[in-house]
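One structure below.
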Amino acid sequence: MKKPQIRKSKWFCHKTVAGMLFLLIFVCTGCASGKDPDRTTVEVGEDGSITQYIVEDFSADYYDAGEMKERIQTEIAAIPKEDGTVTLKDYKVKNKTAKVKLTYSSTKAFERFNHEILFFGTVKEAQEVGLDLLSDKMAIRNLNGDEKVLISNTEAFLQLPEKVKDVSKGLKKVDDHTVDPTGAAYETYMVILP
């Protein structure tokens, strides 16, 4: 009769350890926290919408949080409506760090606001708008016309809606959906999605 108790005890121990590991992984990856990124990140939605989390040092004595927020709102108002909309979702300064959350209805709105390149679509669509995908700078070959690509020159981390298949030279895959462009070999780079 004691053998079933030992098995039950081992079973309980294994389940407890497995549960604790799952919880630890869940919390460490941020899935449970809903926490904003701790570095500037551009998140691309499947529908082409963009969320940008800007994280900047705000420790200089002459920085003024109110003035900075006003400047952002002024720049948002200057975006032509035909390019899409930009919305200031959150703005806070805490512990000498400014955190801004902006949403963009399109990549065009992102490009206008940030003065950076950001294209998200198929290889065929990229070619139709004149983007040179086969240049040596992109360093990716054998592209399928229906594959999704992200082409940019932003220095922000990129959070993508699908698993990353390939990246231009120098980019680092942080995980299946995140790319760090800080080591990009060229100013403009490409990320391939399946």
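For the structure I just gave you, tell me whether F113 is aromatic (F, W, Y) and open to solvent by 30 Å² or more (accessible area, probe 1.4 Å). Against the criterion (aromatic (F, W, Y) and open to solvent by 30 Å² or more (accessible area, probe 1.4 Å)), F113 does not qualify. What about V93, is it of a type outside the set (D, E) and within 17 Å of I192 (Cα to Cα)? No.
Filtered by the rule that a residue be open to solvent by 70 Å² or more (accessible area, probe 1.4 Å), among the hydroxyl-bearing types (S, T, Y) and modelled with pLDDT of 95 or more, segment 53-84 gives a lone residue, T74. For segment 177-188, a residue qualifies if it is among the polar types (S, T, N, Q), under 17 Å from E116 (Cα atoms) and not in a loop (DSSP other than H, G, I, E, B), and exactly one does: T182.
For (1) open to solvent by 30 Å² or more (accessible area, probe 1.4 Å); (2) more than 14 Å from V44 (Cβ to Cβ); (3) assigned to a loop (DSSP other than H, G, I, E, B); (4) touching a strand residue (DSSP E or B) at 6+ places or on another chain (Cβ under 9 Å), each residue gets a yes or a no:
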residue	(1), (2), (3), (4)
K89	yes, yes, no, yes
L102	no, no, no, yes
A109	no, no, no, yes
A126	no, yes, no, yes
I151	no, no, no, yes
L158	no, no, no, yes
M190	no, no, no, yes
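Residues of segment 160-176 that are open to solvent by 20 Å² or more (accessible area, probe 1.4 Å), closer than 26 Å to H115 by Cβ and either touching a residue at least 24 places away in the same chain (Cβ under 8 Å) or out of contact with any helix residue (DSSP H, G or I) (no Cβ under 9 Å at 6 or more places or on another chain) (or both): P161, V167, K169, V174.
Close Cβ contacts (under 7 Å, 6 or more residues apart or on different chains) running from residues in segment 66-93 that are at positive phi to residues that are in a helix (DSSP H, G or I) and among the hydrophobic types (A, V, I, L, M, F, W, C) comprise G84/A109.
The values are calculated or read from the model by the stated rules, or taken from the named source; none is laboratory data. Note that the structure is predicted; figures quoted are calculated from it, not measured. Virtual Cβ from ideal backbone geometry, glycine too; neighbours counted across all protein chains shown. SASA here: full protein model, heavy atoms, side chains in, ligands and nucleic acids out. Shrake-Rupley method; radii C 1.70, N 1.55, O 1.52, S 1.80 Å.
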